[in-house]
């Protein structure tokens, strides 16, 4: 139950969290690149003066006085020539200040007293190498990773359950031929298969779904086949055959419903495998491409900046580890709950 609650919390955070962080995941803050995680708002007192001096250089003016009162910045700007008011637009373009207001004009416009509000920005998980909020990006990346995990698992279940049920029920040469195809696909190196797909298709979410779905159904097919082989000689299946039911009807009404327990457990354990595979592909640069992102892509970015900004790796890795552990614990719990031998022992 704790694992289920963790999964629901992560899914809910990824679904509605980006709208509550106050930051657009794609918004770049050039003045706040590689900002360490903190709940203290920016700008900090010691960073205001350097930021104003950088802006003043671009505005071609000299800051004579810089003073902060509460959430308002007071500036005195001077220049050898009259200052064009349009240069004040550099202040709101910054990440730290709002629109400027001229309070006083002196020396025939060569000296201006300006006020501008301070923008208070918080980054609980820090920012990346471009100055983007890591919390918002991690939550948006979670949407992609969870979507790939659920969709690819659904595809693997759909193909594997049907394939394994047919092979196990038909038996004989049909079963042998179908399972030899599974053995051949097992022998195909996964990364090599993905690289071959990249030769013909563009890397992206669709390619990941095709690559993972084409491989991960093999385990599901074997599980369902084994269950079907144990069910095909049961009395209720023989009775259905004696009544003249078709193969499709027997599979739909008798075989598949009795395999739901093992299939549910296998599916729960398959989701973390798929998410981990997607993360592995994105880490290699073969998965999700910009502007989209995933936990694997964020971990790849964080690994390249591990020494200077370790939080870039810790933030997405924390979400990924929590999700994978919760899914595995949930799968183990379902396996115990659906095991008839354990139920009888209780």
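Using the beta-carbon distance between residue 60 and residue 11 and R0 = 56 Å, what value does 1/(1 + (r/R0)^6) give for FRET efficiency, to the nearest 0.05? Could you put the intermediate results ahead of the total?
Details: r = 51 Å, r/R0 = 0.91.
So, using R0 = 56 Å, E works out to roughly 0.65.
Modelling each spin label as a point 7 Å along the Cα-to-Cβ direction, I'd like the residue 72/residue 130 distance in nm, to one decimal.
3.7
For helix 134-170, report the angle its Cα long axis makes with the longest principal axis of the Cα atoms of the chain; keep it between 0 and 90° and round to the nearest 10°.
Helix 134-170 sits roughly 10 degrees off the main axis of the chain.
Give me 283, 319, 193, 201 sorted ascending by neighbouring Cβ count inside 10 Å, so fewest comes first. Don't jump to the answer; show the numbers that get you there.
Numbers: 283 18, 319 22, 193 15, 201 12.
Taking fewest neighbouring Cβ atoms as first place, the list is 201, 193, 283, 319.
With axes computed from alpha carbons, what is the tilt in degrees of helix 311-338 against the longest principal axis of the chain, rounded to the nearest 10 within 0 to 90?
Approximately 20 degrees, to the nearest 10.
Using only Cα atoms, find the angle between the long axis of helix 295-304 and the longest principal axis of the chain, and express it within 0 to 90 degrees, rounded to the nearest 10.
50
Can you figure out the FRET efficiency of residue 19 with residue 332, using R₀ = 41 Å and their beta-carbon distance, to the nearest 0.05? If you can, show how the numbers build up before the last one.
Numbers: r = 34 Å, r/R0 = 0.83.
Using R0 = 41 Å, I get an efficiency of 0.75.
Simple spin-label model, 7 Å along Cα-to-Cβ: residue 185 to residue 325 in nm?
Label at residue 185, label at residue 325, 3.4 nm between them.
Quick check: the distance between the Cα centres of region 311-334 and region 80-136, to the nearest angstrom?
Answer, in whole Å: 41.
Multiply the residue separation of residue 85 and residue 106 by 0.36 nm, subtract the distance between their alpha-carbon atoms, and state the gained length in nm to one decimal. Please report the intermediate quantities before stating the final value.
Values: separation 21, 0.36 × 21 = 7.56 nm, distance 1.33 nm.
Roughly 6.2 nm would be gained on extension.
Any read-out appearing in this document is the output of simple, stated calculations on the displayed coordinates, not a laboratory observation. Here the structure is a predicted model, which is why all the values come from computation and not from measurement. Ideal geometry is used to build each Cβ from the backbone, glycine not excepted, and the neighbour counts take in all protein chains shown.
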